Each structure stands twice: as structure tokens, then as C-alpha cells.
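One structure below.
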Amino acid sequence: MNTAGIQVRADGRLRHFLSTEGLTRELLTEVLDTAESFAGVTEQTVKKVPLLRGKTIVNLFFEASTRTRTTFELAAKRLSADVLNINVTASSAVKGETLLDTLRNLQAMHVDMFIVRHTDSGTAHFIARHVQPHVSVINAGDGRHAHPTQAMLDMFTIRREKGADFGRLTVAIVGDIAHSRVARSQIHALNLLNTGDVRIVAPRTLIPSHIESLGVRVFHDLREGLRDADVVIMLRLQRERMLGALLPGEHEYYQLYGLTEEKLSIARPDVTVMHPGPINRGVEMDSRVADGPRSVILQQVTYGIAVRMAVMSMAMQENHTAQDIHA
Ligand code: NCD
């Protein structure tokens, strides 16, 4: 899916954020730098900046979500936008309204931005092709394709933990790569940021074919994949997306691919452990690791607000200066 062209305006500024694929290192760095300026905002008592005052943002979610939907909502509110939450499974889709009709009706209410999550790959892209010229679309996860704001909050977390030089980092992404939109968006972002060594660790049945063409190294043995890793990103087994028996069972999976303190000791002593959530405790990882000193899983959630504020304000920016953002 070519999402590069439609995402960026003629002058190089972001219009939609549909995928990390095809963007530039400069744009990703701008997201991270802008998020850095907002990270302070979320720690203040007065949590709002007026950047998107008067704008209307619709969270259009066709699939369940807690973290992503609520952090988008908080981010929009902290930018002073008005936010509508629409859970489409519970509304007009049930009555047979098409996606385009839902969209047209919402646009008739003068919406400025759609945050879209859908089980079908390509939905956010489809919507972006049909919105009015002033409207921006942010992909909050489409099928197995992409989840770019999750990838950017992960990059933000890595940069906060390890510094800006991704070139010296070894990052291991472990688990269900085949069904993961997060993994795909992370790999493109890590490549754009020139990460030294990007590893994929999973059983053969959970690795998409030709993944090496994305410039990653593939490991089937967790211990080998963890050796000297600076960052370990664990992914959830996406049982709802699995067709047929791809795995012998969760117990066997945990024995081979579950992250325990003992296996983690193979990575660097200062390793950072991440997970986009929701975690299956005792399947992908032991609670002692999830809640342990190397884990930044809850920081990821907090950083998600600043990163989503950054993406939304960049897509909506008319002529914001750095001073406006810091004001
Ligand atoms: C991810 C998602 O929905 O794609 N979670 C998230 O956005 N926090 C990953 C997952 O569901 O495992």
C-alpha cells in the first residue's frame, strides 16, 4: 500500500498520518521533537494548550480499544479541541449505513480531523482519499497493516531511554509479527531512524514471508535474538486474528518465547523492555518482567499522549511557531 504521497502536503508538512512507511527521517524527528515539547505539558497542573481551539476531532473506532482511544481523546482535549467519540459497531453501521455515508454526515457537522481504527487494512487510507481538503485523518490501527502513532510513541520511549543515536542500538521485536500492525510500523520507523540492528524473533508460523526485505534479521530462538539487545519489544499473541492452529499452545509458546527474568539476563544489563499492551501475562511475558525494573510499559502509555498531541497539532498546523507550542 503506497501511503507516502497522500500523507504529506506540497510544502512537506504532514496532512494525514496513515503509516510510518514512506515518510522521512526529518518528519519522524519533528514528531519526536514536538512530542518532547508537549511531554512537559502533561506534567503541569494546567494541562491544556490552545493550539486546536475551535477544531472538532472525531474518534471513529470500528474496533475495540482502551489505551489508544483514551490517549487520543486526552491528547485532543489537552490541545483544547472538541472531541466526539463514535463507536461505530454500536451505531449506524449496524443499521446498514455505508462508511462513506457515515463520513459525509460527520463532515456535514464541520469535523476537522478523524482518528480511525478499523479491523480492515486500508480503511484510514480509504477515508483519507474521500475527506474534504481541510480534513486530516490519523490512522489509529488498520487490520494488520499499520499503527503509526503506536510506533512513534515507541520511538519516543526508546529515545528517552537510550538517547537520539539509534545507530548504535540493537532492538529485538519478539512475538506475533505476522498479525501485528504495530511491528510493521515499528520496523519502518526504526529503519528511517537508522537503527543499527533490528531483529525479529518469533516461531516460523508467526513471521510473514519476505520480512527480510524490510532490512531486519530473523531469529527463531529467543535467547539468540536477545543477545546484547538494548531494547526488547514484546508483542501480544493476536489470537483474534489467527486463522487455524499456528501454535501448539500457549504453554509451549511461553516456554519458548515467553520473556522471563532468566532469559532477559542475556540482553544488555540496561535493557529496556516494552510492550504496546494489552499484555497476556504468562503468555508473552512473566509478570516479574512486565512489572520489573527494566519495564517501561506504563511510561509508553503516558508518552502516547504527548506523541498524539504532536501528530494532531502537526497535521492541523496552519502556521504554528515553536513558540506557540511552548507557550
Ligand atoms: C495494539 C493494537 O491494537 O494494534 N495495541 C495498542 O494499540 N495499544 C497491539 C495489540 O492489540 O496487541
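We did not get these values from a lab; they are worked out from the coordinates using the rules stated. Bear in mind the structure is a predicted one, so any value in this text is a computation, not a measurement. FYI the Cβ positions are ideal-geometry reconstructions off the backbone, even for glycines, and counts take in every protein chain you see.
Observations
- Summed side-chain charge close to Ala310 - residues other than Ala310 whose Cβ falls under 9 Å, Lys, Arg +1, Asp, Glu -1: -2
- On full extension, the segment bounded by Ala10 and Phe126 gains 39.8 nm, given 0.36 nm per residue less the C-alpha separation.
- Sequence-distant contacts, meaning Cα pairs under 8 Å at least 6 residues apart, place the relative contact order of segment 148-301 at 24 percent.
- Both the radius of gyration and Dmax for the chain are 19.4, 57 Å, in that order, over alpha-carbon atoms.
- Fully extended contour minus Cα-Cα distance, from Lys162 to Leu246, at 0.36 nm per residue: 26.7 nm
- For segment 183-199, 3J(HN,Hα) per residue [Karplus equation, 6.51 cos²θ - 1.76 cosθ + 1.60, θ = phi - 60°, Hz, x = Gly/Pro]: 4, 4, 5, 5, 4, 4, 5, 4, 5, 4, 8, 6, 5, x, 9, 10, 10
- Candidates Val289, Val31, Val273, ranked by Gaussian network fluctuation over the chain, Cα under 10 Å, top entry: Val289
- Highest mean first, the peptides 7-18, 296-307 sorted by other C-beta atoms within 10 Å per residue fall in the order 296-307, 7-18.
- Cα-derived Rg to Rh of segment 147-196, Kirkwood definition: 0.95
- The mean of 1/r over all pairs of different alpha-carbon atoms in segment 148-301, once inverted, gives a Kirkwood hydrodynamic radius of 15.2 Å.
- The helix-only estimate of mean residue ellipticity at 222 nm for the chain, built from DSSP H runs of length n ≥ 4 each weighted as -39500 (n - 2.57), is -10500 deg cm²/dmol after division by the residue total.
- For Thr71, the shell of other residues with beta-carbons less than 11 Å away shows a net charge of +4, using +1 for Lys and Arg and -1 for Asp and Glu.
- For Leu84, the residues whose amide H sits under 5 Å from its own are Ile57, Val58, Asn59, ignoring neighbours fewer than 5 places away on the same chain, with H placed 1.01 Å from N.
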